[in-house]
1. Please indicate, with yes or no, whether at least one residue in the range 256-266 is closer than 23 Å to SER158 by Cβ and open to solvent by 10 Å² or more (accessible area, probe 1.4 Å).
2. So is GLU212 open to solvent by 10 Å² or more (accessible area, probe 1.4 Å) and within 13 Å of ligand 2 (Cβ to nearest atom) or not?
3. Quick one: which strands (runs of 3 or more DSSP E) lie wholly within the range 104-209 and hold at least 2 residues that are over 17 Å from LEU56 (Cβ atoms)?
4. Give me the pairs: first residue in the range 25-49 and under 20 Å from ASN13 (Cα atoms), second residue within 16 Å of ligand 2 (Cβ to nearest atom) and of a type in the set (Phe, Trp, Tyr), beta-carbon distance under 8 Å, and six or more apart or on different chains, which are they?
5. Which of the residues that make up the range 267-299 are in a loop (DSSP other than H, G, I, E, B), open to solvent by 50 Å² or more (accessible area, probe 1.4 Å) and in contact with a strand residue (DSSP E or B) (Cβ under 8 Å, 6 or more places away or on another chain)?
6. Output the residues belonging to the range 131-167 that are more than 16 Å from ligand 2 (Cβ to nearest atom) and of a type in the set (Phe, Trp, Tyr).
Amino acid sequence: MIKPETGRAAQANNVATASPETISRAVALLREGQVIGLPTETVYGLAGDALQPAALARIFEVKQRPLFDPLILHLAEAEGAWALASRVPEVARRLAERFWPGPLTLILPKKEIVPDLATSGLPNVALRVPVHPVARELLRAFGGPLAAPSANRFGRISPTDAWAVWAELGDAVPLILDGGPCEVGLESTVLDLSGDAPVLLRAGGVPVEELEAVIGLIARARPVDEKPAGPGQLKHHYAPRKPLRLVDAVQPSDAACGWLVFGPQKSGQSLDGVVENLSPVGDFREAAANFFRALRRLDDDPRVAMIHAVPLPPKGLGLAINERLERAAH
Ligand code: TXA
Ligand code: MG
């Protein structure tokens, strides 16, 4: 999304390009317990001081997120993450060595200093070291953990650029740091290492096959309907305002249908309606980077009344995109 030329967004004065000055301002706001929009390589986050319960409460309030859904704590370095965990298994260190900084979140037993509001009262804490240069610079300057869920209102499409954050939150935050479009485009992979065996809680930016290459087979958690057994397992999520339906293949449709497709399309088959191809050449990384942006465009396009999406081949980042499509359709 580029800066809108008209409407309320054209007047927005809380979106600022990341620079030494805006990062100092961000640090000052965070110390005061305020929350800000922050770029990461996965999606933009709504960041607050993880050790100030009032700042955490503000995150839940701005995001309109239920208190049973815990937050991810972001750190500049792995050492900072281990300092918040009461036990760090060998596999955690091996994974961090290979994938941090980057789009991987590890769940570990928490230390006392982590506020209950950050973990929704759970004994475990979610930890991640992001690789985006603006996130790293801010984390270094801040010098402590920042809690940051994706910067969308609860259940909605995650923002992958600063103006998408503005579209979600408007003036509810004093500052949105603009660090450009997110390179990964999908949230981090969430891996629970608090029990005897690792469990995948959310497919994401690091394909699970790559984790398995380092630590062996990983069990999958299944999403549930209303009362999540584990947090973040709600089936309905990432939802556009318009109805979204999953279909096996492209098919004749009326013009009010928007299509989300992937890969080369059969020649001679012209689709009616608006078409977003996540990657015409069939590249998973390109598709992931385009995913939320494309979904948002279809949701905002006045010509589109309903969205049809064709799932991707179920491997690598394709699995992570399909998981989000299924929840968006639910
Ligand atoms: O890429 C990302 O992870 C982004 C960026 C901003 O870092 N953040 C993000 O946060 O996606 P959020 O809050 O939208 O998703 C966090 C996920 C949720 O599904 C939450 O339930 C799960 O992590 N989670 C957090 N703490 C947990 C815990 N203690 N046990 C189990 N799951 C947890
Ligand atoms: Mg989210």
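1. Yes, some residue in the range 256-266 is closer than 23 Å to SER158 by Cβ and open to solvent by 10 Å² or more (accessible area, probe 1.4 Å).
2. Working: open to solvent by 10 Å² or more (accessible area, probe 1.4 Å): yes; within 13 Å of ligand 2 (Cβ to nearest atom): no.
Answer is no for this residue.
3. On the way: elements: 104-109, 124-128, 176-178, 189-192, 199-202.
Once the strands (runs of 3 or more DSSP E) in the range 104-209 are filtered for at least 2 residues that are over 17 Å from LEU56 (Cβ atoms), what remains is 104-109, 176-178, 189-192, 199-202.
4. Every condition considered, the pairs that remain are GLY37/TYR44; LEU38/TYR44.
5. Residues of the range 267-299 in a loop (DSSP other than H, G, I, E, B): 267-273, 278-283.
Keeping just the survivors that are open to solvent by 50 Å² or more (accessible area, probe 1.4 Å) gives 267-270, 272, 280-281, 283.
Selection gives ASP272 alone.
6. PHE142, TRP163, TRP166
The rows are residues; the columns are (1) closer than 30 Å to ALA12 by Cβ; (2) in contact with a Ser or Thr (Cβ under 7 Å, 6 or more places away or on another chain); (3) in the same structural domain as GLN52 (by TED's automatic domain parsing).
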position	(1), (2), (3)
ARG87	no, no, yes
TRP100	no, no, yes
LYS111	no, yes, yes
THR119	no, no, yes
ARG136	yes, no, yes
ALA172	yes, no, yes
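Residues checked against (1) open to solvent by 10 Å² or more (accessible area, probe 1.4 Å); (2) away from ligand 1 (no atom under 12 Å from the Cβ):
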site	(1), (2)
SER19	yes, yes
SER24	yes, yes
ALA28	yes, yes
GLY33	yes, yes
LEU46	no, no
ALA54	yes, yes
PHE68	yes, no
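The values are calculated or read from the model by the stated rules, or taken from the named source; none is laboratory data. Just so we're clear, the structure is a prediction, and the values are computed from it rather than from any experiment. Heads up, the Cβs are rebuilt from the backbone with ideal geometry, glycines too, and the neighbour counts pull from every protein chain shown. Ligands, DNA and RNA are excluded from the accessible area calculation, which covers all protein heavy atoms including side chains. Shrake-Rupley method; radii C 1.70, N 1.55, O 1.52, S 1.80 Å.
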